[in-house]
Amino acid sequence: MSAWLDRTIEERNLLNPAFCAVVLWHLAKGYQTEIANMGEGEAGLPIELAFVGASFVLRGQTRRQLPRDTRTSLATWIQDHPLERSAVAKGVIVLRPYVREAVIFGFHQGAIALAGTSLKASASEARRITAYLKQASDEVRDCAHRAQLVGRWLYKGGTPSTVMTLVGVQA
């Protein structure tokens, strides 16, 4: 990871740890919401899926092609969007250091809790994140909204190894 001042303006604006932590919080929140809806306990977002989810959300072209809701299965979407599948797989690798940095930042700020090998969205930070989003741009709010949808979608996609295989990432 390069020093902050050595990063390009785009990296500093689009991939800063605070913004990426908000995306991860929403991914985890969506995943946890789907677990609760299915009555399957209180598990968190498996950390490997944080990298996959971030890749879906942080690339604008991919984010714009995501389904409106979780009725479209992950497998069907991937079959219908082979180029996006490839972009997501590459994004997992490219975004790895930024996601790691966001996990650490989110943990230190209390937004993300680590539960074994899973991430949990801290319920106590919901108000602060909502206040941040009220001040944010439409694109930032879209990223947050889509991240929550992607979190739910990843849960419905199957086990982490199944999701990673569908996306074309080796576990």
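No value in this document is a laboratory result; all are computed from the given coordinates. Note that this is a predicted model, so its numbers are computed, not measured. Methodologically, a virtual Cβ is constructed for each residue, glycine included, from the backbone with ideal geometry; neighbour enumeration extends over all protein chains shown.
What residue among THR130, LEU83, ALA18 has its Cα farthest toward the positive end of the dipole of the chain, where the charges are +1 on Lys, Arg and -1 on Asp, Glu, each on the Cβ?
Farthest along the dipole direction, towards plus: THR130.
Determine the calculated [θ] at 222 nm for the chain from helices alone, applying -39500 (n - 2.57) to every DSSP H run no shorter than 4 residues and normalising by the residue count; nearest 500 deg cm²/dmol.
It lands at -21500 deg cm²/dmol.
Using amide H atoms built 1.01 Å from N in the peptide plane, name the residues 5+ places from ALA115, or on other chains, whose amide H lies under 5 Å from its own.
Those qualifying (amide H under 5 Å, at least 5 residues apart or on another chain) are LYS120.
Taking the Cα-to-Cβ direction at SER2 and at GLU40 and moving 7 Å from each Cα, how far apart do the two end points lie in nm?
About 4.0 nm, to one decimal.
Going through the cross-link list LYS29/LYS156; LYS90/LYS156; LYS120/LYS156, which pairs have a Cα-Cα distance over 19 Å in this structure? Each step should come with its number before you reach the end.
Details: LYS29/LYS156 14 Å; LYS90/LYS156 22 Å; LYS120/LYS156 17 Å.
Those over the limit are LYS90/LYS156.
If you take the Cα atoms of segment 95-139, find Rg, then find the Kirkwood Rh from the mean of 1/r over all pairs, what is Rg/Rh? Present the calculation step by step, with values, prior to reporting the outcome.
Values: Rg = 11.9 Å, Rh = 11.6 Å.
Expressed as Rg/Rh, it is 1.02.
Let me understand segment 1-65 better: what is its radius of gyration from the alpha carbons, and its Dmax, in angstrom?
Looking at segment 1-65, its Cα Rg and Dmax stand at 14.4, 47 Å.
Once the Cβ-Cβ distance between ASP80 and GLU139 is put in as r, and R0 is 25 Å, what FRET efficiency do you end up with, to the nearest 0.05? Walk me through the intermediate numbers first.
On the way: r = 24 Å, r/R0 = 0.97.
The pair ASP80/GLU139 has a calculated efficiency of 0.55.
What does the charge dipole of the chain about its Cα centre add up to, to the nearest 20 debye, if the Cβ of each Lys and Arg holds +1 and the Cβ of each Asp and Glu holds -1? Spell out each step's value before the answer.
Values: 20 positive and 15 negative charges, 40 e Å.
The calculated dipole for the chain is roughly 200 debye.
Taking only the C-alpha atoms, wrap a convex hull around the chain and report its volume per residue in Å³ as a whole number. Don't jump to the answer; show the numbers that get you there.
Numbers: hull volume 19.8 nm³, N = 171.
About 116 Å³ per residue, rounded to a whole number.
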